[in-house]
Amino acid sequence: MVRLTLSLAVVVGLAGCLEYTPMYKIGADTQETNVTRGQCNTYAANTVPPMIIQDWIPIYGANGRIVGHRVEYYDANEGRRHSTVQKCMEEQGFQRVSIPFCTDDQMAGRSYRPITNSPPLTGSICAVKQPGGGRVLIDLSKPTN
Amino acid sequence: MSKNLRIIGALAISGLILSGCASSGYQAYIKPGTGVDRANRDRAECDIEANRLFPSANFPQTYPTGNIGYYGGGWVGGIGIVHTTDVNAGMRNQHRNQCMRVKGYEPYTFPNCATDQMAGHSYAPLTRSPTPSPTICAVKVEGGGRTLIDLSKPL
């Protein structure tokens, strides 16, 4: 269970390096998206409270005897909580999308204004990583210089 | 593992406390000419709006503890609950900043006044939001808050 969770986390983490996968709703501005996410986060926190599991895992010696143990703690509801956020946002018209990150070649030294109103996704829209860890979308067909 | 966690936790808390002691600035919103009462009221309105739109949502997050080793013929690793994060905190702060900007304020960091700067003089707290200048700095007041003074206007 725990190893599976860690493996999935690694796979999801690596996938996150390649593509940006936000919840997206055509026409929604940044404020609407943030407010919906904030309310869904609160709903999920309230409806799927932590369920902390304590596992005692035996450690076997070379002769096959148990020589010790280790303790693992995890929140069994962690995944369900994130699913609840996603379902809540889907009910508000958002859906998970996959947007590629912009390459340096594509940007070609030009400047772009961040998109704030979630237009229909086309091949010219890509994501840029921000210094603080955030992501913004830009439209490569609309450079500002 | 729990002992390691306690040590890491103690170090983290110590770091936070020390970084708080070493804080060299006072974060404020400024709108030159605005009265302090009005600025406080605007700040309270933005706080209320931000708290209403982005109420706290505490998500416990499980992180690997780095407790990995080769035991009994196989690699094993431990995980543990490190801390709970309010996943709405970032959006709430962002909204508070935007709300204050809409009201015409700019976030600004003022330096703390040094003792030798004050040179034994007394100063009255500013009652209006100042235009930033090298003579404006922050002092602690009773009750734990801070207030701005103008070093060029001793009493």
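The values are calculated or read from the model by the stated rules, or taken from the named source; none is laboratory data. Since this is a predicted model, take the numbers as computed values, not measurements. Note that we place each Cβ from the backbone using ideal geometry, even for glycine, and neighbour counts take in every protein chain shown.
Residue count for segment A:81-126 satisfying the condition of being assigned to a strand (DSSP E or B) and of a type in the set (V, I, T): 2. Here A:D104, A:D55 are screened, and the one residue that is touching a strand residue (DSSP E or B) at 6+ places or on another chain (Cβ under 7 Å) and more than 9 Å from chain B (Cβ to nearest Cβ) is A:D55.
Residue-level check: of (1) under 23 Å from B:F59 (Cα atoms); (2) touching a residue at least 60 places away in the same chain (Cβ under 8 Å); (3) surrounded by 18 or more Cβ atoms within 10 Å (Cβ to Cβ), A:Q92 misses just (3). The residues of segment A:31-61 that are β-branched (V, I, T) and either part of a strand (DSSP E or B) or not assigned by TED's automatic domain parsing to the domain that holds A:D75 (or both), listed by number, are A:I52, A:I53, A:I57, A:I59. Selection within segment A:60-89: residues that are without any contact (Cβ under 8 Å) to a residue 40 or more places away in the chain and more than 11 Å from chain B (Cβ to nearest Cβ). The member of this set that is farthest from B:Q61 (Cα to Cα) is A:K87. For A:V97, are the conditions met, namely being touching a residue at least 60 places away in the same chain (Cβ under 8 Å), hydrophobic (A, V, I, L, M, F, W, C) and surrounded by 14 or more Cβ atoms within 10 Å (Cβ to Cβ)? Yes, satisfied. Return yes or no: is B:I149 modelled with pLDDT under 90, surrounded by 18 or more Cβ atoms within 10 Å (Cβ to Cβ) and touching a strand residue (DSSP E or B) at 6+ places or on another chain (Cβ under 7 Å)? No; evaluated as a whole, the condition is false for this residue.
Identify, by number, the condition in (1) farther than 22 Å from B:A57 by Cα; (2) out of contact with any Cys (no Cβ under 7 Å at 6 or more places or on another chain); (3) at pLDDT 80 or above that A:M1 doesn't meet. Just one mismatch for A:M1, condition (3).
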